[in-house]
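Participant: One structure follows; several queries about it will come next.
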There are 2 protein chains.
Amino acid sequence: MTGAGTDSTRPQRTGGPAIVLVRPQLAVNIGMCARAMANFGLDDLRLVSPREGWPRTGAYRKGAYAAAAGAVHLLEGARLFPTVEAAVADLNFVYAATARERGQAKPVHLPREAMGASAARIAAGEKHGVLFGPERTGLDNDDVALADAILTFPVNPAYASLNLAQAVLLTGYEYFSAAHGQVAPFEVIERSPPAQREMTLSFFEFLEGHLEERGFFRPASKRPVMQRNLRNMFHRMQLTQQDVRTWWGMIVRLLEGPRENPQTRKRVKQKKTPAP
Amino acid sequence: MTGAGTDSTRPQRTGGPAIVLVRPQLAVNIGMCARAMANFGLDDLRLVSPREGWPRTGAYRKGAYAAAAGAVHLLEGARLFPTVEAAVADLNFVYAATARERGQAKPVHLPREAMGASAARIAAGEKHGVLFGPERTGLDNDDVALADAILTFPVNPAYASLNLAQAVLLTGYEYFSAAHGQVAPFEVIERSPPAQREMTLSFFEFLEGHLEERGFFRPASKRPVMQRNLRNMFHRMQLTQQDVRTWWGMIVRLLEGPRENPQTRKRVKQKKTPAP
């Protein structure tokens, strides 16, 4: 979502199932598949007789490279095969990605379970792959017959048409999530440490004391409920130590008025409320 | 992957979080987001000051509609807002989708946990939404400050750049999987019922009897191991009743030779092996 290209300073993840594009029609889609693969560390791209040939010079190749948005290593490393049989020859397990039931009585897997199982078996040394058919027609029955299982995506039945790169993306996403866990691609910053309960309670007493003094808790019979609700709101914030200091400072300022006159930079004299 | 457009004969799924595209640059990306939303039944598209305006006639609008590949109802129903504040005014919980840590000490959620939680709370009547920033720069810090939490995607750290429609796609996928389960969008066809063990054992005895007679089990001391391996291979096939009949017919044919002469259509006389 922010710029494009490979960042060689960040850890590179590789591996996963081979992505086999069977008779892809458009170079731009090959490029978009390469980009989706790079997002999830897949690095084995295989092409079975692309409609317009591969590699090619000129606009065709340029379109693929532009769509790959920096995942050039995948296009450079893509291997070309004349047949699906040749493309899957070294694989131990092959899925056929299809959007429809294909009447072949093959096991039908959803991406989460399929890639979970494949991640474990790939880690144990097997080679897996997924066949994706041409954009318009999908895999034909002979292609599907070469697979061990069908991979299909849990989509809105009324609008089940996923584009090629999106199907590759979901496959990569589930492989990556299974192989590396769902973790953010960056270090989550250190917040200030969570406040100790003692610190929070001391703040509550300070705040509630002033609220009591100013007649906030009315009628008095409601004070316990009002106080409980107020404290619960603060607990839901999961206050850090810094957060408690910020709140304390904010309440002091509300009680005391302006700290200084911005015009004269002179301190405005007020009754001082003791801070802890 | 096979054709495009809405199939009004299939169940339509709707609902889910609002997708808020903040200052999107390209109409084609708005269209691709609409398509990704339709794939997963999301139906609340909000646009905050698209760079080129909205709606528009001419090539801009045409590009969006072409990219939406039939998800026209989403483009027609998209609502335009002048600010992010206005776009999220009615929402109870807002995520900001970002690819980087934003230094705002907000909770960081991955799509699976986030959409799991949102699906439950949306089902209980809350309205949730996800902000997605402009293609090149992503959300700015003021946009992120309006959100309750950050949504980020578990990607290859060396290649973390997801395009806009792909980020929307993964969000929709996880919402749909949480709300409706990971289920295939078609009925898995009825296979023949699984074979009863009696039927399978009867086939094993038939096959092994002929193999024994023809001297397959050599040396005889290995017969128990060979037989066990053979039976295990068949068990792994999870044979249906039809499968067992097919195997039986195939073995009979191997034993007996051609059933008939294709030229003369006359039955070739052979020693008959009894079928069950």
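The values are calculated or read from the model by the stated rules, or taken from the named source; none is laboratory data. Worth saying up front: this structure is predicted, and the values here are computed from it rather than measured. For neighbour counting, all protein chains shown are included, and Cβ atoms are generated from backbone atoms with ideal geometry for every residue, glycine included. Keep in mind that these areas ignore ligands, DNA and RNA; they rest on the heavy atoms of the full protein, side chains included. Shrake-Rupley method; radii C 1.70, N 1.55, O 1.52, S 1.80 Å.
Participant: For the cross-link pairs A:LYS222/B:LYS106; A:LYS106/A:LYS127; A:LYS127/B:LYS106, which exceed 31 Å when the distance is taken from alpha carbon to alpha carbon?
Facilitator: A:LYS222/B:LYS106; A:LYS127/B:LYS106
Participant: Roughly how many Å² is the accessible area per residue of the stretch B:18-180, as a whole number, for a 1.4 Å probe?
Facilitator: Computed with neighbouring chains in place, this is 34 Å² per residue.
Participant: Additional query: For A:MET233, what accessible surface area do you get with a 1.4 Å probe? Give it in Å², rounded to 10.
Facilitator: We get 90 Å² for A:MET233.
Participant: Taking every eigenvalue of the Cα gyration tensor of chain A, multiplying by 5 and rooting it, what semi-axes result, largest first, whole Å?
Facilitator: So the three semi-axes of chain A are 61, 23, 17 Å.
Participant: Something else about it: Can you give me the relative contact order of chain B as a percent, contacts being Cα pairs under 8 Å and 6 or more apart? Spell out each step's value before the answer.
Facilitator: On the way: 376 pairs, mean separation 50.5, N = 276.
Relative contact order for chain B comes out at 18 percent.
Participant: Just the number, please: carbon plus sulfur as a percent of the accessible area of the stretch B:197-258, 1.4 Å probe, no ligands or DNA/RNA counted.
Facilitator: 56 percent
Participant: Right, another one. With every protein chain kept in place and ligands, DNA and RNA left out, what is the accessible area per residue of the stretch A:197-258? Probe 1.4 Å, answer in Å².
Facilitator: Working: 4020 Å² over 62 residues.
I get 65 Å² per residue for this part.
Participant: What's the whole-number percent of alpha carbon pairs in the stretch B:18-180 lying beyond 21 angstrom?
Facilitator: Value for the stretch B:18-180: 41 percent of Cα pairs lie more than 21 Å apart.
Participant: So what is Rg over Rh here for the protein assembly as shown, counting just Cα atoms and using Kirkwood for Rh?
Facilitator: 1.12
Participant: What nm value, rounded to one decimal, do you get for the distance between B:ALA145 and B:ASP90 when each label is placed 7 Å out toward the C-beta?
Facilitator: Label-label distance for B:ALA145 and B:ASP90, simple model: 2.7 nm.
Participant: Can you work out ³J(HN,Hα) from phi for every residue in the stretch A:142-150, in order, using Karplus 6.51 cos²θ - 1.76 cosθ + 1.60 and θ = phi - 60°, giving whole Hz and x for Gly and Pro?
Facilitator: Each residue's phi maps through the Karplus curve to give 5, 5, 4, 4, 7, 9, 7, 7, 9 Hz.
Participant: Report the accessible area of A:VAL244, computed with a 1.4 Å probe over the heavy atoms of all protein chains in place, in Å² rounded to the nearest 10.
Facilitator: That residue has around 0 Å² of solvent-accessible surface.
Participant: Could I ask something else about it? Could you state how much accessible area is buried at the B-A interface, both sides summed, with a 1.4 Å probe, in Å² to the nearest 100?
Facilitator: Values: alone 16640 and 16620 Å², together 27170 Å².
Result for this pair: about 6100 Å² buried.
Participant: What fraction of the DSSP beta bridges in the protein assembly as shown is antiparallel, stated in percent and rounded to the nearest 5?
Facilitator: Just about 10 percent of them are antiparallel.
Participant: Also: Which residues belonging to the stretch A:129-173 lose at least 40 Å² of 1.4 Å-probe accessible area when the assembly is complete, relative to their chain isolated?
Facilitator: A:PRO154, A:VAL155, A:ASN156, A:PRO157, A:ALA158, A:TYR159, A:SER161, A:LEU162, A:GLN166, A:LEU169, A:LEU170, A:TYR173
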